[in-house]
1. State the percentage of accessible surface on region A:2-76 attributable to carbon and sulfur atoms; use a 1.4 Å probe and exclude ligands, DNA and RNA.
2. Please work out whether chain C counts as rounded, prolate or oblate from its C-alpha gyration tensor, where a ≥ b ≥ c are the square roots of the eigenvalues and a/c under 1.5 means rounded, while otherwise a/b larger than b/c means prolate and anything else oblate?
3. Under a cut-off of 12 Å between alpha-carbon atoms, report the aspartates and glutamates in cross-link reach of residue C:448, not counting same-chain residues fewer than 8 places apart.
4. Rolling a 1.4 angstrom probe over the protein heavy atoms, how many square angstrom per residue are accessible across region B:88-155?
5. How big is chain B along each principal axis, measuring the range of its Cα positions in Å and listing the largest first?
6. What residues have an amide H closer than 5 Å to that of residue C:717, excluding those fewer than 5 places away on the same chain, when H is modeled at 1.01 Å from N in the peptide plane?
7. Hey, got the average number of other protein chain Cβ atoms within 10 angstrom for residues in C:654-662?
8. Just grab the label-to-label distance for residue B:4 and residue B:33, each label 7 Å out from Cα along the Cβ direction, in nm (one decimal).
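The values are calculated or read from the model by the stated rules, or taken from the named source; none is laboratory data. The structure presented is a predicted model; accordingly, all values stated were derived computationally and were not measured. For neighbour counting, all protein chains shown are included, and Cβ atoms are generated from backbone atoms with ideal geometry for every residue, glycine included. Heads up: the accessible areas ignore ligands, DNA and RNA and are worked out on the full protein's heavy atoms, side chains in. Shrake-Rupley method; radii C 1.70, N 1.55, O 1.52, S 1.80 Å.
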Amino acid sequence: MARVVFIGNFRQLAGGDAEAEIAASNVRDLLRRLGERYPALAPHLDEGIALAIDGEIHQDALFSPVRPDSEVCLMPKIAGG
Amino acid sequence: MAKAHVTTTVNGDAVEFLCDAEQTLLDVLRDELYLTGSKEGCASGDCGACSVIADGRLVCACLMLGVEAEGLAIETIEGMADGDQLHPLQTKFLEHAALQCGVCTPGFLVAAKSLLERNPDPTEIEVRYWLAGNLCRCTGYDKIVRAVLDTAEEMRGG
Amino acid sequence: MAANSHGKTNGSTRWVGTRPVRPDGVDKVTGRARFGADVHLPNMLVGKVLRSPHAHARIHSIDTSAALALPGVKTVVTRDDFNDLPSEFVPAGEMLINYRDVVRNVMAREKALFEGHPVAAVAAVSEKVAREALARIKVDYEVLPHVLDVVEAMAPEAPLLHEDLITAGVEPAPTTPSNVAKVVEFKLGDVEAGFAEADIVIEREFSTQPVHQGYIEPHACIANYSEDGQAELWCTTQGHFVVRGHCAKLLGMDVSKLRVTASEIGGGFGGKTVVYLEPVALMLSRKSGQPVKMTMSREEVFQASGPAAGTRVWAKVGMTNAGRITAGEAVLKYQAGAFQGSPVQPGCMCAFAPYDLAHVKVVGYDVVVNRPKVAAYRAPGAPQSEFAVESIIDELAKRIGMDPVELRLKNAAKEGTKAAYGPTFGPVGLVETLEEAKAHDHYRTPLKPGQGRGVASGFWFNIGGETCATLNLGEDGTIALVAGTPDIGGSRASLCLQAAETLGVDVERIRPLIGDTSTLGYTFLTGGSRTAFASGMAVIEAARDMIRQLCERAAKIWDIPVDAVEWIDGEARPAGSNAGEFEPLSLADLARLAGKSGGPFVGRAQINAQGAGPSFGTHIVDVDVDRETGRVTIERYTVIQDAGKAVHPSYVEGQLQGGAVQGIGWALNEEYIYDDKGRLQNPGFLDYRIPVCSDVPMIDTVIVEVPNPTHPYGVRGVGETPIVPPMAAIANAVEGALGLRFTDLPMSPPRVLKALGDARVPKAA
């Protein structure tokens, strides 16, 4: 199961959990399951998020693969100048 | 008020135009003669993006009135290359990557040309102070100064 | 297939890493390049904006009748012409955007929220008539108390900018409105336990002033709206697809009916990622039935386009006597300007990113004030928070007598470090930049008497995103490359090099073009240091797509299986058992045969680039301080940064040099000065003094290359990181020279003189 780490205000929305174990094969599955487990988080998962999958940042990437031993950090989307 | 009729020379060509009393030379170059190589970055003489040479003097075209061009010889960036031969400064700016966005580049080139006509062997400090009236926000000036110094050396036959 | 054998980072490259003259260069040294304001259309009108003279005022009424009565005035636009949009955060390319705010920023509705806020606009036959028309518009303002300072704006009694703004990110949600739009918090480990492990704890409060991106080309556009509801827009922007999206939304258009062309862009640095004039020009053109050109004056640029956030930052760092940093904590208060959305979130995430820390806590406040809405500026949010942390790191090093580079090396983030903002770093180059710094001649050269030396490191994430590219093979074997990211600093050169490398052809045979919004699929803007990376990935993909087609065609011509064809050095060669059986077919051969053998070759890519590589840099600076005038002179400056791979090293160096000098301006001179009525007193380059040529020395650069594994040639972004370290590096150097620690920017001559004077006055016992 992938280990999901909540960064920033996502921790608050996850009821204070710092981490969660989620079984998912890609980002879409992972977000869906996260939304089921944490209803307060659900509305925030559609937009404005980035995922660091084993350190590599993925934004708007529903089909990026997630491995069973992946560390996935849920963090705010990053833009730039 | 009727427009003024002005006769002048731009890049060696006789030019006539009509302009309002308050129109600057920069307005005339850009909006009446469609010579848009001279840029408006500030309209207050602070950025040098509109540098032109008027009768041998380096000026900001935004600080001169169009009517003041009467009888003068105006040189702009559009006249810097000789036919299809780039001026050595233009070539060196390209070789040294002395431009990024390029909007300040015409002003820098005109100002640098004016410097080298007066002083063919400037020091780095002289280049920096001569070009202090031209703002560049992209390059940090390093490659511009190098390009000017390198051009000077080449033009001296170094 | 064969094409996949190209573009690996290992092994030498033929084009990537070389320094050809940029393909758009000649146009830019001859004045031929067309920037935002360089286009004229037949029958064109001039549009001008009437701006609020007040920092905060309720708008009771706007009477435009006298303006409309003026001969030559074709139309007037006010708030009544734009439909209000509901408060809803929607994706709009760059982060989330609230169109309710965008529509108000473009044209004030209930209130004017900053001096310079657009209130009305006119289109007239000339600039002169347009100006006269503006003077005839009567606006009934009720002037309200205003607030400029971030801390004052957070006070309970502060004037409210938005009567309905409830702070987000706080549980339970507040019941009363305030100017605090959002509170964000980032936590790692247990910060209290971390400080308990420390022998030394230093905490300081810092402030930075808003600074403008200072692009030399003011905002400019031409809109041409036709009677059939379609429109063309020409504008200077970092992202024409993003402009299209915003304008279509504000004008209620289908995006397919709005074709946006990005002009050459005269600098942006993040400031040209949003819309100001464009929707207004479109509305004026729609109402007048004529093309409308609009340009901002420099004064308007300063008054009403986005600066970087001014900030108040409190930071605290704990360390053992052995130089191991145990914990970091910070509170960031960022000005958002008139509407929410400061970059406080990335500010929080970057604050401690250079360090391997177990315990971090950063809290950020996004605060609205009566100033123009901030816009991105190079590594948005990071310079302010990293200035604070890097200043304290320097002080800690001095406290234990350790070399500041050594201290950073001891604590530097590296591959496998859990970043202070959460994820685990892949390969990153901070340690390499620090090692280069330590070994650099600059760092080993003794200082002259009275001088000070400072170092600081910096971090930025870099991004990828949606990106398209097309390669069109011409009938003579030359190639037109079409990209969708406006070229702001030489990226066309870098894209051509990546295409040439992948195809194995001479870079001179590839001519680049930035396509308009109708010629290419959606492409996110130039920003986030993404262009060489993400458009590069797209161009490489497009080249591979073309190679696949070329190999298939060669196989058909030779009548052999496609897997028996390989693409080497720009030509198709028979491979395996067919090797040597046929003469290779070059790109030019295949181009010539294209028509008869199945049609033209077009390589395409439409990707969402993931896996951008974070970038670290370390700067070294020597300063001299004139004790009589308070002027700080930069004597020597060296930038060391990990580029992953420098595709065109000259333009990478240029990014490092330019970013450093912008940072020098931020550190030493640049600030907005307001009067007591909230009116900007220095909206021009004379009084808002960006560094000029005689202010700075040569900027030495060292490019470190720790490849980004997700990019075929190892590219990371480079554009943003260089503006992060200068403020702390210079403050650390000034401390070295004077023994005085500056925590408030800019370190301008009056402030330095005052600090010197204060230091001379003996402290009361």
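1. Looking at region A:2-76 in its full context, I get 51 percent from C and S.
2. Here chain C falls in the oblate category.
3. Within the straight-line limit of under 12 Å, residue C:448 reaches these aspartates and glutamates: C:622, C:624, C:635.
4. In whole numbers, region B:88-155 has 30 Å² accessible per residue.
5. Extents along the principal axes: 53, 29, 24 Å.
6. Distant-sequence amide H within range of residue C:717: C:613.
7. Shielding by partners across C:654-662 averages 5.
8. Reported label-point gap for residue B:4 and residue B:33 is 1.5 nm.
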